Amino acid sequence: MSKEHVLKSVDIIVSKGNAEGNITYANPIFVKLSGYSMGELLDKPHSILRHPDMPKLIFKFLWDNLKEGNDVIAFVKNRSKDGSFYWVLAHVRVAKNPDGSFRNYVSTRKPVTEHAKELIEPLYAKMLVAEEESGMNGSLKILETFLSENNASLATFNETMKKLNN
Ligand SMILES: Cc1cc2nc3c(=O)[nH]c(=O)nc-3n(C[C@H](O)[C@H](O)[C@H](O)COP(=O)(O)O)c2cc1C
């Protein structure tokens with residue numbers, strides 16, 4: 001079993017990315033948790049932190065929404081350089097220049113409650129299995145079932161994730 005880093009309630013992990021999602025800024029907590037040096041992180045894709053337990057659909061949902069200019073709030077399990085992991089509730093948004101053109105993507109991440117982890121871990125595990133068996137469609141069905149069981153839908157994804165973390 002790899003080691004889990006549990007974040008303190010005051011920890012806010014921030015990074016920014018360019019249009020391709022490559023890291024252009026990382027705050028000290030981001031750098032520390034990742035296990036990489038700032039030099040190793042800058043200009044690298046954010047997927048440097050991708051944990052194999054993460055369903056592909058969550059990132060597809062993230063990018064589909066970002067491309068539309070919409071924020072996404074989602075639980076993410078990240079992997080550090082040494083193989084340890086940490087859970088975050090990420091809020092990713094598109095920042096614009098004063099003239100309305102694209103500036104960058106900004107992600108702020110907060111600690112995840114035990115309650116939320118108990119719900120999200122089995123959900124993501126089921127989505128992963130579905131992706132292996134029947135691809136994104138199978139995964140989407142599992143996610144939609146989970147949301148409807150929580151009186152929610154994809155349209156209320158962000159607020160539902162936020163609520164689950166209470
Ligand atoms: C601002 C920003 C922050 C991101 N932060 C993370 C992150 O912390 N962990 C992660 O696995 N992916 C993060 N992503 C998503 C990655 O860009 C990528 O889609 C994901 O890691 C899946 O990798 P893949 O698209 O190569 O399959 C972030 C994307 C953006 C734009």
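Checking the stated criteria, S47 turns out to be at pLDDT 95 or above, exposed (fewer than 14 other Cβ atoms within 10 Å of the Cβ) and in contact with a Phe, Trp or Tyr (Cβ under 9 Å, 6 or more places away or on another chain). When N70 is tested against (1) under 27 Å from E133 (Cα atoms); (2) without any contact (Cβ under 8 Å) to a residue 60 or more places away in the chain; (3) loosely packed, with under 15 Cβ neighbours inside 10 Å; (4) more than 8 Å from the ligand (Cβ to nearest atom), only condition (1) is not met.
This table checks each residue for (1) over 13 Å from G17 (Cα atoms); (2) in contact (Cβ under 8 Å) with a residue 24 or more places away in the chain; (3) not β-branched (V, I, T).
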{"site": "H46", "(1), (2), (3)": "no, yes, yes"}
{"site": "K56", "(1), (2), (3)": "yes, yes, yes"}
{"site": "K60", "(1), (2), (3)": "yes, yes, yes"}
{"site": "D64", "(1), (2), (3)": "yes, no, yes"}
{"site": "F102", "(1), (2), (3)": "no, yes, yes"}
{"site": "S107", "(1), (2), (3)": "no, yes, yes"}
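Among the residues of region 37-67, those that are within 20 Å of I120 (Cβ to Cβ), near the ligand (Cβ under 10 Å from one of its atoms) and of a type in the set (A, V, I, L, M) comprise L49, M54, I58, L62. Of everything in region 131-153 that's hydrophobic (A, V, I, L, M, F, W, C) and either free of Cβ contacts under 8 Å to residues at least 60 places away in the same chain or in contact with a Lys or Arg (Cβ under 7 Å, 6 or more places away or on another chain) (or both), which residue is surrounded by the fewest Cβ atoms within 10 Å (Cβ to Cβ)? It comes out as M136.
Residues that are aliphatic (A, V, I, L, M), within 11 Å of the ligand (Cβ to nearest atom) and out of contact with any Pro (no Cβ under 9 Å at 6 or more places or on another chain) were ranked within region 14-36; the one that is nearest to R79 (Cα to Cα) is L33. Within region 91-118, the set of residues being buried (at least 19 other Cβ atoms within 10 Å of the Cβ) and within 11 Å of the ligand (Cβ to nearest atom) comprises V92, Y105, S107, R109.
For region 119-146: of the residues being of a type in the set (S, T, N, Q) and at pLDDT 95 or above, which is nearest to the ligand (Cβ to nearest atom)?
Only one residue tops the list, namely S139.
The values are calculated or read from the model by the stated rules, or taken from the named source; none is laboratory data. Note that this is a predicted model, so its numbers are computed, not measured. Reconstructed Cβ throughout: ideal geometry from the backbone, glycine too, with neighbour counts over all protein chains shown.
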